[in-house]
Amino acid sequence: MEVIMALAVGGMVAGAVYLILSRQYLRVMFGVILLSNAVNVAILTVGRLTTGNPPLIAQGTEVMDHAAANPLPQALVLTAIVIGFSLLAFALVLGYRAYQEMGTLDTSAMRVAEPEEKP
Amino acid sequence: MILTAILAIILAAAVAPTLNRLLPALSHWVLALVPLSAALWFALQVPGVVAGVPVLETASWAPSLGVALSFRLDGLSLLFALLICGIGAFVVIYSGGYLRGHPREGRFHLFILSFMAAMLGLVTADDLISLFVFWELTSITSFMLIGFNHEDARSRRSAIQALLVTGGGGMALLAGLVLMGMASGHWTLSAIAASGADLRAHVLYPAMLVLLLLAAFTKSAQVPFHFWLPNAMDAPTPVSAYLHSATMVKAGVYLLARLNPTLGGTEPWFWALTLAGGVTALWGSAMALRSTDLKKILAYTTLMALGVLVLLIGIGSDGALVAFAGFLLAHSLYKGALFMAAGSVDHGSGTRELGELGGLWSKMPATGLFIAIAALSMAGLPPLLGFVAKELIYEDVFRNGHMVALAVLLLANAAMVATAATLFLKPFLGAPTKAAGHAHESGPALLAGPAVLAGLSLLFGLWIALPQGLLGATADAVRGGAPQSLNLHLWHGLTPALGLSGLTLALGMALYFGLSPVKNSLAAIQRLTRIDHDRAWDCLLSLLQGTANRITSALQDGVLQRYLAWIFAGILLLLGATLVMRGGFTWPGIRLDGDDGLGIVLALLMLGGTAGAIRARSRMEAVLSLAITGMSVALFFLLSGAPDVGITQLMVETLSTIILVLVMAKLPMLPPGPDRSRPAKLFHSVLALGIGGVVTVILLAVLDQPLAMDLSRFFGDTSLVEAYGRNVVNVILVDFRGFDTLGEITVVACAGLGVFALLRARMGKGGQP
């Protein structure tokens, strides 16, 4: 399972990088969404995968069953999902405002901070 | 005690601005007490040092690096320390008078006292690294001093030029000193000298020599690095008097003298020093004859003196080193006096141009007298110290038969005679000019320095036995052997040296009276050779700047796409190279079991969604493809025993899609056609596949390693017992890693505020949200 997911993560990262290298702001955003999904899968994968058996402590026992899924990467991924979502929401609104101000979503034409040098 | 002296001067520097505010009329007299008492303490060390017992001092500084603040006071260091503190005290008094009422007088004292402390540290440091640190401090403080009139563009340019030239030399010094330390295995000058390690035979000797000579030649303004010194005369006169005559420019000479016992005496050493010194001496003399500004003239005669000092170290015979010590003292005294007196002339008459000066004798008799005495010492006439020094030089160079050097020295000294006459005769005894009409004598603060220094030039000349011991000890330190007895006299009898002195005088007077044709021919020579170092310097700087500009605009052209491409290429290169070099490629054997079928399906869905997002021509198509990937990831979480994560992913995925669609409604469609050119497509595909591949390889490598489960076990074992929760993931989030979650909530809040602010910004402009 882990090997399959390692391959899937590689594929998603490749797609994300390709999209982020686009000139169109929306495609860059698509790339960012893909990248955060890929990273979350990667984090869970390196903590080793268990089918089913969530990290819960059954009634009547004091400690968690050692065969249960690894809880630590799950906690990390939960945090990462929410942070990724915040980033996406901010970046989307930023793009929306940038379009309102500049009238374009072509990143190579957004040059307020670094205007093109006149030769 | 040496460290105490340095610290006391730094302390005086620190309180100088406040003191100047409290006692504007007196602060310079009070501040001068500090270097003056340091000078007295150093003077008290003279008998011990002359007897051959250097003063040693060590304070630990950075023991883990083996760097100590160790100081050593032998003859050479002591002579320099006395000059620095002694002349320094009078320069402080002088600058108080010179800058009276100047709004930044306190700051000036801060700078000049800091410089004094750095210089004192430089000439007494024994540790190689402290030596370098003090050396750099003198460069930085002199930058502040040369650029003191920072409203003036010329001052700023000169300051930067001096900083770049001497700072570049500082780099070379560090490299050279480190090589020396590595080659000898010792990190103090005295230990290197005492170890008897023959650095001259070491394989690194040529590199050391080149680096250290570069440092010394830039600092002491030897040709071809001489151009910064005349420009540095834009500084206020006290700075010129102090830094550019007695102290900083002599730091390079000090370094050469200090290294002479360990590195000197070889063929390359001899040729490098005598050539650079000789050319500098001739060039300085010629330019001094050509100039008409008093300070410029003095700047060029300083070049001449530095050249002679370097030449004498290069010759390196016993007599040459005694002559070196004598000339060092004589020059510091008369040049300090001349600079300060020239400033007094400027102050009293309002000009430093030779053409506008004349007949000042009746108006400024004291200034005139001190200039006359100092100029006589510069011309090398008896009974002044300059005469003794010149006789020593001639005697040794003649005896050793360095005829070319002798000719150079004869010419340079003749030029000094002519220059000395120029400095005194016309301004003071010539026909009175307009400037002389309103000239007035300067106050005691301006005259104290010239008086004492000129007086010492005379006193030491008449009573040469007084400084004789120290001069001998200096020569011993430069030679680096057993002390030799020394017996100096003002009158040597009828010797060849005396004859050469007479010849110099005759030649000098001929130069003076025939000055205008000489000037013309010098100008012609200069036109012919067209050596304009200042212009060359500017070209070098603009070339450097142009190259930097081109590199910057090539790397940072303002196109986000290319920035990201650089970043990804960097990641790929670094990670890929590390993987290849460390052999990170592993393949943890595939273990397919029953459940993997579902995993394969989910993985294919993720990849399918990815491919769809890339290929999508419309926005909706892309959003739906992304949703396929996101939902597959959520299902994968659920499958892997992570229900909380799966549910969160489902919610966030839904929310993201909604926001995306909402925002997209306000944005234009994806433009038709490809979003990048064909070559870019190829390049980006290679980058993307490369990075994806590297990520997979890294994941496989990580999976091949055993996993440390301690933390997870700890959480599983203590979750219920200590935190009373059965859902371990939740307990980690809200309890064990509660601060992490707090940080996460803060990030979400900030993003929310940011979104709100972005949307409000539009309304502030009066538009619609």
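Read the figures in this text as sums done on the coordinates, not as results from a lab. Please read these numbers as outputs of a predicted model, since none were measured by experiment. Quick reminder, even Gly has a Cβ in these numbers, built from the backbone with ideal geometry, and neighbours come from all protein chains shown.
Using only side-chain charges placed at the Cβ, +1 for Lys and Arg and -1 for Asp and Glu, the dipole size of the protein assembly as shown relative to its Cα centre rounds to 2580 debye.
Could you give the angle, 0 to 90 degrees to the nearest 10, between helix B:533-555's Cα long axis and the longest principal axis of the Cα atoms of chain B? Roughly 0 degrees, rounded to the nearest 10. Measuring nothing but alpha carbons in chain B and taking Rh as the Kirkwood radius, the Rg to Rh ratio lands at 1.18. Counting Cβ atoms of other protein chains within 10 Å of each residue's Cβ and taking the mean over peptide B:705-711 gives 2. Two decimals is fine: what's Rg over Rh for the stretch B:1-123, C-alpha atoms, Kirkwood radius as Rh? Value, to two decimals: 1.04. Note on chain B: helix-only mean residue ellipticity at 222 nm, from DSSP H runs of 4+ residues weighted -39500 (n - 2.57) and normalised by residue number, equals -25000 deg cm²/dmol.
Residue-wise HN-Hα couplings along the stretch B:484-497, as the Karplus relation 6.51 cos²θ - 1.76 cosθ + 1.60 with θ = phi - 60° gives them from phi, are 10, 6, 9, 9, 9, 9, 6, 10, 9, x, 7, 10, x, 4 Hz; Gly and Pro carry x.
Here the stretch A:1-108 is treated as an ellipsoid with the same Cα gyration tensor; its semi-axes, largest first and in whole Å, are 38, 17, 6. Rounded, prolate or oblate: which fits the stretch B:601-702 when a ≥ b ≥ c are the square roots of the eigenvalues of the alpha-carbon gyration tensor, with rounded for a/c under 1.5 and prolate only if a/b beats b/c? Oblate is the answer for the stretch B:601-702, as a/c is 1.5 or above yet b/c matches or exceeds a/b.
Projected onto their three principal axes, the Cα atoms of the stretch B:447-499 cover extents of 41, 30, 15 Å, largest first.
Contact order, relative form, for chain B: 10 percent (alpha carbon pairs under 8 Å, 6 or more residues apart, mean separation divided by residue count).
Taken about its Cα centre, chain A carries a charge dipole of roughly 240 debye when the Cβ of each Lys and Arg holds +1 and the Cβ of each Asp and Glu holds -1. Taking 1.306 mPa s as the viscosity and 10 °C as the temperature, the Stokes-Einstein diffusion coefficient of the stretch A:23-73 based on its alpha-carbon Kirkwood radius rounds to 118 µm²/s.
Highest average first, the peptides A:66-72, B:567-573, A:22-28 ordered by how many other beta carbon atoms sit within 10 Å of their residues are A:22-28, A:66-72, B:567-573.
Just check the stretch B:712-762 against the gyration tensor rule for me: Cα atoms, a ≥ b ≥ c as the square roots of the eigenvalues, rounded for a/c under 1.5, and otherwise prolate or oblate depending on whether a/b exceeds b/c. Note, shape of the stretch B:712-762 comes out prolate. Translational D (Stokes-Einstein, µm²/s) of the protein assembly as shown at 10 °C and 1.306 mPa s when Rh comes from the Kirkwood sum over C-alpha pairs? Value of D from the Cα-based Kirkwood radius: 48 µm²/s. Principal-axis analysis of the Cα atoms of chain B puts helix B:643-665 at an angle of about 80° to the longest axis.
Taking a straight line from the alpha carbon of B:Lys666, these aspartates and glutamates sit under 14 Å away, with near neighbours fewer than eight places off in the same chain left out: A:Glu101. Karplus-based coupling profile of the stretch B:26-42, in residue order and whole Hz: 10, 4, 5, 5, 5, 4, 5, 4, 5, x, 5, 5, 4, 4, 4, 4, 5, with θ = phi - 60° in 6.51 cos²θ - 1.76 cosθ + 1.60 and x standing for Gly or Pro. Rg then Dmax, both in Å and based on the Cα atoms of the stretch B:623-769: 21.7, 62.
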